[in-house]
Protein chains: 2
Amino acid sequence: MKRNTKVNSGKRSESVQNCTCFNLRKATRAVTQLFDEALKPCGLYATQFTLLAAVSSKENVAITELSKALVMDRTTLSRNLKPLQKSGWVEVLPGLDKRTKALSLTLSGKKVLKQAMIHWKEVQNEVVMTLGNGNWELLVDNLSSTVKKLNPY
Amino acid sequence: MKRNTKVNSGKRSESVQNCTCFNLRKATRAVTQLFDEALKPCGLYATQFTLLAAVSSKENVAITELSKALVMDRTTLSRNLKPLQKSGWVEVLPGLDKRTKALSLTLSGKKVLKQAMIHWKEVQNEVVMTLGNGNWELLVDNLSSTVKKLNPY
DNA sequence: CATATTTAAGTGTGTATACACGTATTTAGA
DNA sequence: TCTAAATACGTGTATACACACTTAAATATG
């Protein structure tokens, strides 16, 4: 007798439980909370730490250019910069091209990034250890190649 | 002569480029955009599809209970349900316990989920194929175990 | 050189996310 | 039983994210 509890072809990937998007978002929530917590003493969120680090390594970068590197919508980046400007950590100056802007860290921004780096290393190490170094490397490699393969830019 | 371009101990995990949180969020952005695009004809976002599917498989579940299963803050779930209620896809009724609520899909919600499932399978298959089945399985396994290991619930 | 196209950025709008704080109900303990 | 603690949920607030639409500047094209 055929049981009718069968909801898919049997392929693992066809179960909603294994939705790539859901699993990514779920893991992102869990990890982001850890990093946010770790960076709290510095008064910035994980996403903001990422932005500071990105601007630091690409002084005078324009918004659209940086947004492509971060695989982030241009308008999202623009708006995510707002709280960092407000805190006086990021400066947005006119670029050479009159259309563009040049992003840079203020002195205060460099200081907070330096402090944050310490806390970041701690939580990053904690996560690497919890996952196991091999698993962590596999995860990061997989995430990178996923972005490379799917990212339209 | 010692070069002073060295910014970390040499451990791969200590480079901000390899921040677990950043890489997860970046991949999530890329993947979410694909799923959002694929589900657009049904008028719902990837996150909303996930919610409909979750409620469908757990009729009369309470908000906090579901939020734990999704590794999502209770208040986030509450608010994410709002647009689904507004669209008439999810019903939020009083639960047995006077404190709790009982979530369920409306008839209309079941219909839209059924349609969305078709589009979801397409994009899910596309992603699995693009990554390669082996890589995809590795990724999902790694994400699951990451959540299991880090999730405080 | 004038105009069409492309490129860089901003605004409006709506969803996703979570913490801090507050209220109501239930349960546990004296 | 009466009260303290635990549980379920809502609201205020702030950040994260992206699409559609708009404006301004640079470049390409006739």
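The values are calculated or read from the model by the stated rules, or taken from the named source; none is laboratory data. Note that this is a predicted model, so its numbers are computed, not measured. Glycine gets a Cβ as well: all are built from the backbone with ideal geometry, and neighbour counts include every protein chain shown. For the accessible areas, the whole protein counts, side chains as well, though only heavy atoms, and no ligand, DNA or RNA atoms are used. Shrake-Rupley method; radii C 1.70, N 1.55, O 1.52, S 1.80 Å.
Here are the numbers for the structure shown:
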quantity: Cβ neighbours within 10 Å from other chains - mean over A:49-57; calculated: 3
quantity: Radius of gyration and maximum dimension Dmax of chain B, Cα, Å; calculated: 19.7, 74
quantity: Contour excess over end-to-end distance, with Cα ends at A:Asn60 and A:Lys11 and 0.36 nm allotted per residue; calculated: 12.8 nm
quantity: Shortest-first nm distances, A:Leu96 label point to equivalent points in other copies (7 Å, Cα→Cβ); calculated: 7.1
quantity: Axis-proximal residue, chain B, for the rotation superposing B on A (Cβ, Å); calculated: B:Thr28, 2
quantity: Among A:Asn60, A:Asn135, A:Asn80, residue whose mean-square fluctuation peaks in a GNM of chain A (springs only between Cα atoms under 10 Å); calculated: A:Asn135
quantity: Label distances, nm, B:Lys68 versus same residue in remaining copies, Cβ-directed 7 Å point; calculated: 4.7
quantity: Cβ-defined net charge surrounding A:Lys110, 12 Å radius [Lys, Arg +1; Asp, Glu -1]; calculated: 0
quantity: Solvent accessible area, Å² - B:Asp36, 1.4 Å probe, full protein context; calculated: 40 Å²
quantity: For B:37-47, mean number of other protein chain Cβ atoms within 10 Å; calculated: 1
quantity: Inter-chain shielding of A:120-131 (mean C-beta neighbours from other protein chains, 10 Å cut-off); calculated: 4
quantity: Nm distances between copies for A:Met129, ranked from closest, using label points 7 Å along Cα→Cβ; calculated: 4.5
quantity: Relative intensity, log₁₀ I(q)/I(0), of the stretch A:69-132 from a Debye sum that treats every alpha carbon as a point, q = 0.13, 0.16, 0.20, 0.27 Å⁻¹; calculated: -0.52, -0.72, -0.93, -1.11
quantity: 0 to 90° range, to nearest 10: angle between helix B:20-39 axis and chain B longest Cα axis; calculated: 40 degrees
quantity: Dipole magnitude of chain B about its Cα centre (Cβ charges: Lys, Arg +1; Asp, Glu -1), debye to nearest 20; calculated: 640 debye
quantity: Chain A - percent relative contact order, Cα under 8 Å, separation 6 or more; calculated: 21 percent
quantity: Within straight-line cross-link reach of A:Lys149, aspartates and glutamates at Cα separation under 15 Å, skipping those fewer than 8 residues along the same chain; calculated: A:Asp141, B:Glu126
quantity: Placed amide H near B:Ala102: partners under 5 Å, 5+ positions off or other chain; calculated: B:Leu93, B:Gly95
quantity: Against the rule of thumb 2.2 N^0.38 Å, how large the Cα Rg of the protein assembly as shown comes out; calculated: 1.10
